[in-house]
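Readers should treat all values here as calculations from the given coordinates under stated rules, not as data from a laboratory. All figures in this text were calculated on a predicted structure; none of them were measured in a lab. We place every Cβ from the backbone using ideal geometry, glycine too, and count neighbours over all the protein chains shown.
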Amino acid sequence: MENNKSNNSGSRNSVNRRKFLGSSAIAGLGLALNPFSVSASSISGVVDKREGEIFPGATHNRRMLGKLEVSSLGLGGLPVVGFYTGGVREQSQVNKIYREAYDNGVTFFDTAEVYGPLINERQVGEAVAPFRKDVVIATKFGFNVNPESGERRGLDSRPQSIRRTVDGMLQRLQTDYIDLLYQHRVDPEVPIEEVAGAIQDLMKEGKVLHWGLSEPGLKTIRRAHAVQPLSAIQNEYSPWSRDPEAEVLPLCEELNIGFVPWCPLGYGFFADAINENTRFSEGDFRAILPRTTPENIPQNLEMLYYIEDWGLRKNATAPQITLAWLQAQKPWIVPIPGTSKSVHLRENLRANDISFTVEELEEFNQGLAAIEIAGARNAPPVMAGMGVEAPPKQ
């Protein structure tokens, strides 16, 4: 993920991202990257309980979200709409990064109606147009967005609103189908059975191929899946946000649902983009993120330092270790780091080549668990939309 910072300076002798990117190691391994030239496994020896055998890795850079095949890493869209800094990127720059991603094996592109709002879907639609049939586009509905102004006015997952939203998405994405359509947040006013029924109708029409939920309650997952099988759950998941491990990941394993971590690099924290001197510009969401406030950053840097130490062991950067660690949890986990810079894209993709043995993964997890994190997992408005259960069907 690309993130800008000001007044930052290295505070520790470890694998510094910028130094590493300029080294011969990244020049040889990253900038000349071809993800198909080696096994994209990041799971050496991890047992896939659904198959009852050793999972050999994501052969040829591929993984399964339910029955949907995608690349082992996806590309998130928030950075190119200026969610952090830099403003909305020029379409030519967006085309360049997305087409370079595709050339390097990425076939999974994540966006949403509210990214912009209404901007990122247009960006992605134009960028992937030359190879649309060869990639998977995931987008999200669920907010009441004015189709003209982009003003967001709460949640709305009523069936008629879903249909209207999808028609707008198809136009912005320059396509006649959506590969993976998520409900962005559970609507506490609409039974999930009604949502699933609306998606089912859209599937029959060929407008939607697969569907998923983002940050749903556990009961809502089961209820939705019973009406129309889900392909993916998309929740926040990173070294400092491990909540899905307790209940969501086991449920996904039980129901054969894939898992897509959003913000896998912790809003850039695990991309070495934030340190104790960081002060965010006006409008940068991270200014209100509890874990990246000036008083909490110094404590939380201990986790980054820990990951950088693992980078020394594996000749990798912190973001590469972080993404490889996420992939190593389960063979059906597909992180979607975002960036608007080529060098960071190629750096992230090197995670596909990093493996953890079972013993290494256990050691890594024990080390993470021993580090105390300062600050709540996310800002209160974001937390309020997580784990919501849909109302009962009348």
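Odds and ends about this structure:
- Qualifying GluC sites (Glu not before Pro) in segment 156-211, where qualification requires a DSSP coil assignment and no more than 16 other C-beta atoms within 10 Å, comprise Glu189, Glu205.
- Segment 154-286 - share of DSSP beta bridges that are antiparallel (%, nearest 5): 5
- Filter on Lys133/Lys393; Lys219/Lys314; Lys67/Lys219 - keep pairs with C-alpha separation over 32 Å: Lys133/Lys393; Lys219/Lys314
- If the chain linking Glu359 and Asp134 were pulled fully straight, counting 0.36 nm for each residue of separation and taking away their Cα-Cα distance, it would gain 77.3 nm.
- Charge dipole (segment 57-169, unit charges on Cβ, about Cα centre) - positive-most of Val80, Phe131, Phe143: Phe143
- Overall form of segment 63-169 per C-alpha gyration tensor (a/c, 1.5; a/b vs b/c): oblate
- Chain lengthening between Tyr305 and Asp176 when straightened (0.36 nm per residue, less Cα-Cα): 41.8 nm
- Sum of side-chain charges, Ala127 neighbourhood, beta-carbon under 14 Å (Lys, Arg +1; Asp, Glu -1): -1
- The length gained on full extension between Glu205 and Glu245, counted as 0.36 nm times the residue separation minus their Cα-Cα distance, comes to 10.8 nm.
- Viscosity 1.567 mPa s, 4 °C: Kirkwood-radius Stokes-Einstein D of segment 245-394 over Cα pairs, µm²/s: 76
- Take every pair of alpha-carbon atoms less than 8 Å apart whose residues are at least six positions apart; their mean separation over the length of segment 125-264 yields a relative contact order of 19 percent.
- The phi-based Karplus calculation (6.51 cos²θ - 1.76 cosθ + 1.60; θ = phi - 60°) puts the 3J(HN,Hα) values of segment 205-222 at 7, x, 7, 10, 9, 9, 9, x, 10, 10, 6, x, x, 4, 5, 5, 4, 4 Hz, whole numbers, x for Gly and Pro.
- Against the rule of thumb 2.2 N^0.38 Å, how large the Cα Rg of segment 260-305 comes out: 1.10
- Segment 246-332 shape via C-alpha gyration tensor axes, a/c threshold 1.5: oblate
- Cα gyration tensor, segment 192-269 - rounded (a/c under 1.5), prolate or oblate: prolate
- Spread over its residues, the convex hull of the C-alpha atoms of segment 125-187 is 84 Å³ per residue.
- Sorted on the mean count of surrounding Cβ atoms within 10 Å across their residues, most packed first, peptides 172-180, 117-125, 380-388 read 117-125, 172-180, 380-388.
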